[in-house]
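These notes are about the structure you will find just below.
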Amino acid sequence: MMLLLFVIGRLGEEAMVATNLAFNINYLVWLPIGGLGTAVATIVAQQLGRGKPELAARATWTAFSIAFTYTGLLGALYILAPDVFLIGHAAGVSPERFAELRSITTVLLQFVAAYCLFDAMNMIFASAIKGAGDTRFVLVTALLFSPMPVVASWLGVAWLGGGLIWCWSAVTVWACLLGT
C-alpha cells in the first residue's frame, strides 16, 4: 500500500490526506477482522489436527458470518454517517480545510464500503487456508495480486490522465478480486 500512496501523492496534498484518512478509518474494519482471521487459522489447524474437518469448516463459516455482519454494518455507516468517523480528524484543522477534506474522504469511504466485505472474505478464507497448511497458495496469490492496484493506479495517473477516483477504483477492483 505504501507504493500506492506514492502514486496518489502525485495527485496532490488533498488526495493524499483524504486517502490516508480513509485508510485510517478502514482500520476499524481491518484490525478486528485480521484478529478474527488469526483465530480462524488457529481453530482450523486445531480441528484438522484432531481429524475434525467439519468443525474447521464450521469455524470458518461462523467467522465469515461475524465478519460479514461487522463489515456490513460499518460499511453502511461509512456511507450513511461518515461524519461519525471523521469527527476526530476535524480537530486542529480549520473548518474550511476540513470541509474540503470531508467532501473527498466521504467519497473515498464509499469505495471502502464497497470493498470491505470482499476484504473481510479475503482475510477470513485466506486465514482458513493458512490454518489448513496451504500457505503456498496464499503466498502465490498475494504475490500475483499485490502489484495490481499500484500498477493500475500508476498507469492511470501517468499515462491515462486518471485521478483519485481511478486509483480508488483500482483498489476496489483489487480487493474484490482477492476476496473472490
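The values are calculated or read from the model by the stated rules, or taken from the named source; none is laboratory data. Bear in mind the structure is a predicted one, so any value in this text is a computation, not a measurement. Every residue, glycine among them, receives a Cβ derived from its backbone with ideal geometry; neighbour counts consider all protein chains shown. The area values use the complete protein model at the heavy-atom level, side chains included, leaving out ligands, DNA and RNA. Shrake-Rupley method; radii C 1.70, N 1.55, O 1.52, S 1.80 Å.
Structural remarks
- Our summary gives the chain a relative contact order of 32 percent, counting only alpha carbon pairs under 8 angstrom and 6 or more residues apart.
- Total formal charge among the other residues, if their Cβ is under 12 angstrom from that of A18, Lys/Arg +1 and Asp/Glu -1: -1
- Remark: region 39-180 carries a charge dipole of roughly 440 debye about the Cα centre, counting +1 on each Lys and Arg Cβ and -1 on each Asp and Glu Cβ.
- Percent breakdown of C-alpha pair distances by 5 Å bin, ordered from the shortest bin, for region 1-135: 2, 11, 18, 17, 14, 12, 9, 7, 5, 3, 1, 0, 0
- Surface composition of the chain: carbon and sulfur make up 70 percent of the accessible area, probe 1.4 Å.
- Taking the chain as a Gaussian network of alpha-carbon nodes connected by springs under 10 Å, the highest mean-square fluctuation of the residues L101, L143, L109 belongs to L143.
- Hydrodynamic radius (Kirkwood) for region 69-160, which is based on Cα pairs only, to one decimal in Å: 16.0
- For the chain, a Gaussian network of Cα nodes joined below 10 Å ranks G51, G133, G163 by mean-square fluctuation, and the top entry is G51.
- Binning all Cα-Cα separations of region 115-180 at 5 Å, short to long from zero, yields these whole-percent fractions: 4, 19, 22, 21, 15, 10, 6, 3, 1.
- The chain, helix-only ellipticity at 222 nm - DSSP H runs n ≥ 4, -39,500 (n - 2.57), divided by all residues, nearest 500: -29500 deg cm²/dmol
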